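Comments concern the structure below.
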Amino acid sequence: MADTRLLVTDYAGVTVVTFQDNSILDARQIDQIGRELYELADKKDKRKFILDFSNVRFLGSQTLGVLINLHKKAAAGKGEVVLCCLRKDLLKVFKITSLDKVFKFFNDDASALKHFGVHVS
């Protein structure tokens, strides 16, 4: 996938996915991101995900549906999806839609990794 919109890094069994785009609004773009995320979740060895939003300034509502589906896929495999590095205005969207009750949020990658028992220096 040469035209990926995601930077994927593995740390001791935890998959950290960093969104490359600062705006995730276009339907085709969201579909591509969804396909890439679902492909990762369908791999048997991938169960723990950290989604890093540090580059993201704008998020379309369709993206929330992709995240919910990823959460369901991970949960079905006894995994978990957590989010980190969300700007305050994006975090408000998750609170307004009550998705703050579905996902756990962390200020940075290191805190999210620590949640999964991975300590980085």
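What residue, among those in region 2-18 that are more than 19 Å from Gly77 (Cβ to Cβ) and out of contact with any Asp or Glu (no Cβ under 7 Å at 6 or more places or on another chain), is least open to solvent (accessible area, probe 1.4 Å)?
Thr9
Would you please name the residue that is most open to solvent (accessible area, probe 1.4 Å), looking only at residues in region 67-78 that are touching a residue at least 12 places away in the same chain (Cβ under 8 Å) and farther than 22 Å from Gln32 by Cβ?
This residue is Lys78.
Of all residues in region 93-117, which are more than 23 Å from Gln20 (Cβ to Cβ), free of Cβ contacts under 8 Å to residues at least 12 places away in the same chain and either in a helix (DSSP H, G or I) or of a type in the set (Lys, Arg) (or both)?
Within region 93-117, Lys95, Ile96, Asp100, Lys101, Lys114 meet the criteria.
Counting only residues that are under 23 Å from Val118 (Cα atoms), without any contact (Cβ under 8 Å) to a residue 24 or more places away in the chain and either in a helix (DSSP H, G or I) or under 14 Å from the mean Cα position of the chain (by Cα) (or both), how many does region 10-60 have?
Summing the residues that are under 23 Å from Val118 (Cα atoms), without any contact (Cβ under 8 Å) to a residue 24 or more places away in the chain and either in a helix (DSSP H, G or I) or under 14 Å from the mean Cα position of the chain (by Cα) (or both) in region 10-60 gives 1.
Residue-wise test of (1) open to solvent by less than 50 Å² (accessible area, probe 1.4 Å); (2) in contact with a strand residue (DSSP E or B) (Cβ under 8 Å, 6 or more places away or on another chain); (3) under 18 Å from Val8 (Cβ atoms).
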residue: Lys43; (1), (2), (3): no, no, yes
residue: Phe49; (1), (2), (3): yes, yes, yes
residue: Gln62; (1), (2), (3): no, no, no
residue: Leu86; (1), (2), (3): yes, yes, no
residue: Leu90; (1), (2), (3): yes, yes, no
residue: Lys95; (1), (2), (3): no, no, no
residue: Lys104; (1), (2), (3): no, yes, no
residue: Asn107; (1), (2), (3): no, yes, no
residue: Val120; (1), (2), (3): no, yes, yes
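The values are calculated or read from the model by the stated rules, or taken from the named source; none is laboratory data. Only a predicted model underlies this, so the values are computations on that prediction, with no experimental measurement involved. With ideal geometry, Cβ positions are generated from the backbone for all residues, glycine too; neighbour counts draw on all protein chains shown. When the accessible area is computed, the model is the full protein with side chains, heavy atoms only, and any ligands, DNA or RNA have been set aside. Shrake-Rupley method; radii C 1.70, N 1.55, O 1.52, S 1.80 Å.
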